[in-house]
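> Here you go, one structure.
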Amino acid sequence: MLLHKMKDKQGGFTLIELMFTVVVLAVLLAIGVPNFRDFLRNSRMAAQANDLLSAVNLTRSEAVKRRAPVTLCVGTTDCAAGDFEDGWLVFVDTDQDGAVDAGEDVLRRHDPMPGGITTAVAETADAEDDASPTFAASETRYLSFGQSGFRRMNDGSLPVALGIVLCDTRGNVESGGGPGMSAARAVEFTTSGRVAITRSVDRIEALGGCP
């Protein structure tokens, strides 16, 4: 008899408790899902910027090690017209013409960036060259280093300081990391070839903002 009464007292959630649980879950999802989505986007942007930084460092180090020009250019099979969002490759530019020729070793190949990420190249200035010459469109599609470890241009002219801006659908807006930290990224190159990544909203805007 006692066992029967205990069983009668057992029960599940009441309707009110269930509704309260659903409301709390909905609130948590409303807060958490956008933050998680931004986290994934930020991670993806950081990965692409770091991949580009890594490729530049490889280009420079291989040029010094091999004592030969090494070039990073847009394209996954050759130095084609396009943007860095279309992918890039690093190769030993033996004849210094900025194009992948037969017999020239390809050292790294990077697939196109994930959909939604776009890139733009902007001319900038640095302490080494306050009056950078204007660059031609073709000069925005490659970075080349000579055996000294300094940047070089295929036509022998002075390299310009460049910034490559990476953006997704959010644009140049604050997104985690503290005040003034952008959802976009910019990879900046001095005339000598030093490279750094910035997330500053103001700096990215100075480079022309998002494409």
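Every number here is computed from the coordinates shown, using simple stated rules; none is lab data. Remember, it's a predicted structure, so these values are computed and weren't measured experimentally. Please note: Cβ atoms are built from the backbone with ideal geometry, for glycine as well, and neighbour counts cover all protein chains shown.
> Using 19 Å as the cut-off for backbone N distance, which residues of the stretch 51-77 belong to the label zone defined by a point 7 Å from the Cα of residue 95 along Cα→Cβ?
68-74, 77
> Same structure, new question: Quick one: go through the stretch 84-110 and flag any residue whose amide nitrogen is under 17 Å from the point 7 Å out along the Cα-to-Cβ line of residue 67.
Flagged as within label range: 93-95.
> Follow-up question, since we're still on this one. By how many nm would the segment from residue 111 to residue 150 lengthen if fully extended, with 0.36 nm per residue of separation less the alpha-carbon distance?
Length difference between fully extended and current span is 11.4 nm.
> Another question about this same structure. Using the Kirkwood formula on the Cα atoms of the stretch 142-211, what hydrodynamic radius do you get, in angstrom to one decimal?
The Cα-based Kirkwood calculation yields 13.1 Å.
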